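Below you'll find the structure, written out as structure tokens, and then a few comments.
The values are calculated or read from the model by the stated rules, or taken from the named source; none is laboratory data. As the structure is a computational prediction, the values presented were derived from the model and not from experiment. Ideal geometry is used to build each Cβ from the backbone, glycine not excepted, and the neighbour counts take in all protein chains shown. Note: areas computed on protein heavy atoms with side chains; ligands, DNA, RNA excluded. Shrake-Rupley method; radii C 1.70, N 1.55, O 1.52, S 1.80 Å.
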Amino acid sequence: MNLLRHIIIILCLLLPVSAAGQTQLYENYIQRFGPTAVEQMKKHGVPASITLAQGLLESAAGTSTLARKGNNHFGIKCGGTWRGPYMLRDDDAPNEKFRVYKNAQESYEDHSLFLRNGRRYASLFQLKPTDYKGWAHGLKRAGYATSPTYASALINIIERYDLTRFDGMKSLSRHERNELEKEEKLTRRAGDHPIRKCNGQFYLVAQPGDTYASLAKRMKIREKKLRAYNDVDAKTPLKPGDVVFLGKKARKADKKLKTKHHILQPGESLHTVSQIYGVRLDRICKMNPIGEFYHFKVGDRIRIR
């Protein structure tokens, strides 16, 4: 009984951690593909909340085999009209053919066209753009998925993550579209290295075995340029956990920050600060001039903008 009790206690402790992990996974997916869903809504009329909820559900927030290996975020099968590449996966029957895309953006575009051009989904486009419940139930009735709880699953995701906020958003600007395309290109090159953004610039975090040379080759950036982006010389080694910016950092820290200063912590240097906030090291030095014999110490206020 004691062993069983311990197992139950451990499981109870793990459940909140697992739920928190899933929430973060979902939030990351929403942040990454929210703008894409809005753009698709403006182009083709599918509510962004529905597109995001389907993407989250069908791709397990981008972690499914179809999403990772085939860039298929919506579980769309080949059908009779598909002439592109495909991959075999067991679904309602063994070895069913699923569409494979060059990137996630292509998957989102095809999903919109799949609904817009499909006769059985035509009635959905007569609904109000804000009627996500009508869309969810309509997709189920039209046979998009065989699960009897498909509609309620979509509705739960939309309401839990407040996805209706995307339904009222304006179309993306040209700059936003360019940034979205750039992020997608970097994501394809990065493979198992998640692409993140700080102060307007994309970066990744070094993993064991990475070097500046290997990352430069992977990301198709000259090593000399990659080192320059990160303010390191030719002899500086790359350590696991190091931030590696993939483009030129900004001149000042983000204006959204509440403070203009960083308090120097043990083990930190001006270079550390420049990497934390995505600010060029020469600009950090210019904002924090020092005398000939002064060395920054723990507790110093380092200006970042």
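If you take the residues in segment 255-305 that are within 29 Å of the chain's Cα centre (by Cα) and at pLDDT below 90, which one is surrounded by the fewest Cβ atoms within 10 Å (Cβ to Cβ)?
LYS258
Of all helices (runs of 4 or more DSSP H) completely enclosed by segment 217-305, which ones contain at least 2 residues that are closer than 30 Å to GLY191 by Cβ?
The qualifying helices (runs of 4 or more DSSP H) are 223-229, 270-277.
Hey, among the residues in segment 119-176 that are polar (S, T, N, Q) and under 22 Å from GLN105 (Cβ atoms), which one's modelled with the lowest pLDDT?
Among residues in segment 119-176 that are polar (S, T, N, Q) and under 22 Å from GLN105 (Cβ atoms), the one modelled with the lowest pLDDT is SER171.
Kindly indicate whether any position in segment 172-190 is free of Cβ contacts under 8 Å to residues at least 40 places away in the same chain, in a strand (DSSP E or B) and under 19 Å from PHE33 (Cβ atoms).
No: zero hits.
What's the number of the only condition in (1) open to solvent by less than 40 Å² (accessible area, probe 1.4 Å); (2) in contact with a Cys (Cβ under 6 Å, 6 or more places away or on another chain) that TYR86 fails to meet?
Checking TYR86 against (1) open to solvent by less than 40 Å² (accessible area, probe 1.4 Å); (2) in contact with a Cys (Cβ under 6 Å, 6 or more places away or on another chain), the one that fails is (1).
Among the residues of segment 195-222, write down those that are open to solvent by 50 Å² or more (accessible area, probe 1.4 Å), under 14 Å from the mean Cα position of the chain (by Cα) and touching a residue at least 12 places away in the same chain (Cβ under 8 Å).
Once the filter is applied, which keeps residues that are open to solvent by 50 Å² or more (accessible area, probe 1.4 Å), under 14 Å from the mean Cα position of the chain (by Cα) and touching a residue at least 12 places away in the same chain (Cβ under 8 Å), segment 195-222 yields only LYS197.
Among the candidates LYS185, LYS128, LYS97, which residue alone is in contact with a strand residue (DSSP E or B) (Cβ under 7 Å, 6 or more places away or on another chain) and not hydrophobic (A, V, I, L, M, F, W, C)?
On inspection, the qualifying residue turns out to be LYS97.
Report whether or not LYS102 is touching a residue at least 12 places away in the same chain (Cβ under 8 Å), outside any loop (DSSP other than H, G, I, E, B) and surrounded by fewer than 19 Cβ atoms within 10 Å (Cβ to Cβ).
Spelling it out, it is not the case that LYS102 is touching a residue at least 12 places away in the same chain (Cβ under 8 Å), outside any loop (DSSP other than H, G, I, E, B) and surrounded by fewer than 19 Cβ atoms within 10 Å (Cβ to Cβ).
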